[in-house]
Amino acid sequence: MSSRKGQGVLELAVLGLLHESPMHGYELRKRLNTLLGMFRAFSYGSLYPCLKQLLANGLIMEDRPEEPNVPLALQSRRSKIVYKLTAEGKERLQQLLTEAGPASWEDEGFGVHFAFFSHTRADVRLRILEGRRSRLEERLESVRAGLARTRERVDSYTLELQNHGLESVEREVRWLNELIGRERTEQEEQARTSKSTNTTQDMPRETGR
C-alpha cells in the first residue's frame, strides 16, 4: 500500500474502525487484517506511518492509560497507547464516506467503502454500487473477448483458469444487481413514506363549530 490510492484506503479503514471504537495498535492491526485482508495483502509496516500522519493532522489522538502498581518507565509505550478519533477525524471520515468517484469502486477501494456502508448516505451507496457494476461489466466484455480469441490456442488448464475468472466476475455482477435493486427499492419506499408524511402534515385541520 505504498501508492497514494492505497494510503487513502488505509486512512479510511483506520478512521472508520476508530469511529466504531477506540483501540490500541495491536487490536487495530488485527481488525485491519480482517478488513483489508479480505481484499488484498495488508502490510503491517504501513500502519504506523499512517497513524503518525493522522496524529500530525489532528485526526486522531493518543491516550496512554497507566497500569496500576507498575512504574511508568516500565510500561510498554506502544502496546498501551490507545488511539481515538478526534472531532476533526470524524469530519474527515464523513468527507471520505461521501466520495463516490472511481477510487471508491475500483478493486483497491471498493471493499473498504462497502465495509462502512452503514455509515454512508443512501445516494452515495447507490453511486458506488453502480460504478462498481459498470467497471465489472467492462471487465466482463474484455474477458469474454479474450476467451473468444484464445480459446483454440491455449491448453485445458489455462482455459479452466480463464473460465473461472469469467465466472467470478459474472457472480459479482449478479450480486451487485441484487444490491442495487434492494437499494433502489428502499429509497423509493422512503421517498413515498416521506411524501405521505408531508402530505398529512400539510392537510388543513377542521376547526370546531
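Every number here is computed from the coordinates shown, using simple stated rules; none is lab data. Predicted, not measured: the structure shown is a model, and the values here were computed from it. Every residue, glycine as well, gets a Cβ built from its backbone with ideal geometry; the counts of neighbours run over all protein chains shown.
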Could you calculate the contour length gain from residue 189 to residue 7, that is, 0.36 nm times the residue separation minus the distance between their Cα atoms, to one decimal place in nm?
61.8 nm
Stretchable slack from residue 107 to residue 152, in nm (0.36 nm times residue separation minus alpha-carbon distance):
13.2 nm
Using r as the Cβ-Cβ distance of residue 63 and residue 127, and R0 as 35 Å, what FRET efficiency do you calculate, to the nearest 0.05?
0.45
If the only charges are +1 at each Lys and Arg Cβ and -1 at each Asp and Glu Cβ, what is the size of the charge dipole of segment 127-167 around the Cα centre, to the nearest 20 debye?
220 debye
Would you mind estimating how fast segment 122-199 diffuses translationally, via Stokes-Einstein at 10 °C and 1.306 mPa s with the Kirkwood radius over Cα pairs, in µm²/s?
107 µm²/s
Using a basic spin-label model with each label point 7 Å from the Cα along Cα→Cβ, how many nm lie between residue 169 and residue 26?
4.4 nm
Amide H to amide H under 5 Å from residue 86: which residues, 5+ apart in sequence or cross-chain, H placed 1.01 Å off N in plane?
60, 61
Sites residue 196 and residue 87 - FRET efficiency at Förster radius 45 Å, r taken between beta-carbons, to 0.05
0.75
Considering the dipole of segment 122-199 built from charges on the beta carbon (Lys and Arg +1, Asp and Glu -1) around the Cα centre, which of 156, 140, 122 is farthest to its positive end?
122
Along the charge dipole of segment 77-126, which of 83, 102, 112 sits closest to the positive end, that is, farthest toward it, with unit charges on the beta carbon of Lys, Arg, Asp and Glu (+1, +1, -1, -1)?
83
Long-range amide H partners of residue 24, meaning residues 5 or more apart or on another chain whose placed amide H is closer than 5 Å, are 83
